[in-house]
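Peer 1: One structure follows; several queries about it will come next.
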Amino acid sequence: MELEDLPGVGEATADRLRDAGFKTVESIAVATPGELKDAAGMGESIATRVINAARESLQMGFMTGIEVLEKRKTLRKITTGSSTLDELLGGGIETQAITEFFGEFGSGKTQLCHQLTVNVQLPEDKGGLEKTAFYIDTENTFRPERIIQMSEALDLDPMKILDNIVVARAYNSDHQMLLAEKAEDIIKEKNIGLIVVDSLTSHFRSDYTGRGMLSERQQKLNRHMHGLQRLSDIYNLAVIVTNQVMTRPDFFFGDPTAPIGGHIVGHSSTFRIYLRKSKGGKRVARLIDSPSLPEGEAIFSVIKDGVRD
Ligand code: ATP
Ligand code: MG
């Protein structure tokens, strides 16, 4: 079904919607009237009608418990390289889900992202999916040299591994969203099993400064996450996003680490892992708010070979 099939949406409106990132009927169905108004310059009441039509036209995805179970049987896991961290995660990074690594600078977020782009390519009996990776790099911290080190440590051909990682630099938050929306063609063409967004929040933080822009930022982030979740569901792939948080030494009570994306990010990631630096180059990962796993901690390390116990 195309946008033009919705009552009240002509070709020009459909083009404007698509330019604003509303590419699918699903994306319209989860939009707010205000968003469509801004995106396509349509009146509030027409926007409401278009949204309702989109909702009605979609099978909104009711499944029986048995069907959910069947779908979850296709779920797969990618090893992180550390058996303790894998155990904390119930076996590794899951497909059909968004996993968020958050923590302060140097806590190992980018290192984990690099390791997983290598590990997703491993055969299944070695903890991989035998698929490729798509890396959205917002901070210019993707390092092929690091991939080579990690590949060599696993006796893999580094050039083959690098060739199976599609890297896209995102220059601002809109560009970042666009890359995720355009990922669909690449996913099919390249057999992508992992999408990395490192960092999810840095551009949003600098593009939407000031109190007045907070709700717009959250709305956009929400839509970005929704799009990523949809890709992970449809293509049975894993999504990893990173989020830098500042530890606040002045903040003695409550949560000392306020995730920058706020709670919208938190609530739309399936798994949230808080990383912190520990003694002797070790890292501590803590699983937070998992739907089905107990809270707990794992200690791992980042060494020349990559992520290890
Ligand atoms: P930021 O929020 O700034 O993006 P991050 O959480 O992404 O931080 P990483 O880049 O993942 O942080 O971690 C950097 C750390 O990883 C370094 O401080 C170092 O301890 C470790 N590291 C990076 N490369 C190597 C290497 N080749 N050998 C050993 N350790 C390394
Ligand atoms: Mg980083």
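Peer 1: If the viscosity is 1.002 mPa s and the temperature 20 °C, what Stokes-Einstein diffusion coefficient in µm²/s follows for the stretch 71-308 when Rh is the Kirkwood radius over Cα pairs?
Peer 2: For the chosen part, D equals 120 µm²/s.
Peer 1: If you don't mind, another one. Once R0 is set to 22 Å, what does the formula 1/(1 + (r/R0)^6) return for the Cβ-Cβ distance between GLU87 and ASP155, expressed as a FRET efficiency to the nearest 0.05?
Peer 2: My answer for the efficiency is 0.35.
Peer 1: Each label point is 7 Å from the Cα along the Cα-to-Cβ direction; what then is the distance between the points at MET246 and ASN52, in nm?
Peer 2: Label-label distance for MET246 and ASN52, simple model: 4.6 nm.
Peer 1: With a 10 Å radius around each residue's Cβ, average the other Cβ atoms per peptide and rank 97-107, 275-285, 171-181, highest first.
Peer 2: Packing order, densest peptide first, comes out as 97-107, 171-181, 275-285.
Peer 1: Using a 1.4 angstrom probe on the protein heavy atoms only, line up VAL9, VAL68 by accessible area, largest first.
Peer 2: VAL68, VAL9
Peer 1: Greater than 23 Å separation of Cα atoms is the criterion. Which listed pairs, LYS77/LYS190; LYS23/LYS73; LYS77/LYS131; LYS190/LYS304; LYS71/LYS220, meet it?
Peer 2: With Cα atoms farther than 23 Å apart: LYS23/LYS73; LYS190/LYS304; LYS71/LYS220.
Peer 1: If the chain between THR209 and GLU11 were fully stretched, how many nm would it gain, using 0.36 nm times the residue separation less the Cα-Cα distance?
Peer 2: Full extension of this stretch gives 67.8 nm more.
Peer 1: Would you be so kind as to identify which of GLY281, GLY227, GLY90 lies farthest towards the positive end of the dipole of the chain, taking Lys and Arg as +1 and Asp and Glu as -1 on Cβ and the Cα centre as origin?
Peer 2: Result: GLY281, furthest along the dipole toward the positive end.
Peer 1: Indicate, rounded to the nearest 5 percent, the antiparallel portion of the DSSP beta bridges found entirely in the chain.
Peer 2: Restricted to the chain, the bridges split so that about 40 percent are antiparallel.
Peer 1: Would you please give the residues with an amide H less than 5 Å from that of THR138, counting only those at least 5 places away or on a separate chain, with H modeled from the backbone geometry?
Peer 2: ALA170, ASP198, SER199
Peer 1: Separate question: Mind ranking ARG223, ARG286 by accessible surface for me, highest first, 1.4 Å probe?
Peer 2: Numbers: ARG223 40, ARG286 85 Å².
Order by accessible area, largest first: ARG286, ARG223.
Peer 1: Toward the positive end of the charge dipole of the chain, about the Cα centre and with charges on Cβ (Lys, Arg +1; Asp, Glu -1), which of GLN111, ALA47, ILE240 goes farthest?
Peer 2: The Cα lying farthest towards the positive end belongs to GLN111.
Peer 1: What Rg and what Dmax come out for the stretch 3-57 when only alpha-carbon atoms are used, in angstroms?
Peer 2: Cα only, the stretch 3-57: 9.2, 23 Å (Rg, Dmax).
The values are calculated or read from the model by the stated rules, or taken from the named source; none is laboratory data. Please read these numbers as outputs of a predicted model, since none were measured by experiment. Note: ideal-geometry Cβ built from the backbone for every residue, glycine included; neighbour counts use all protein chains shown. Areas reflect the complete protein model, heavy atoms only, side chains present, ligands, DNA and RNA absent. Shrake-Rupley method; radii C 1.70, N 1.55, O 1.52, S 1.80 Å.
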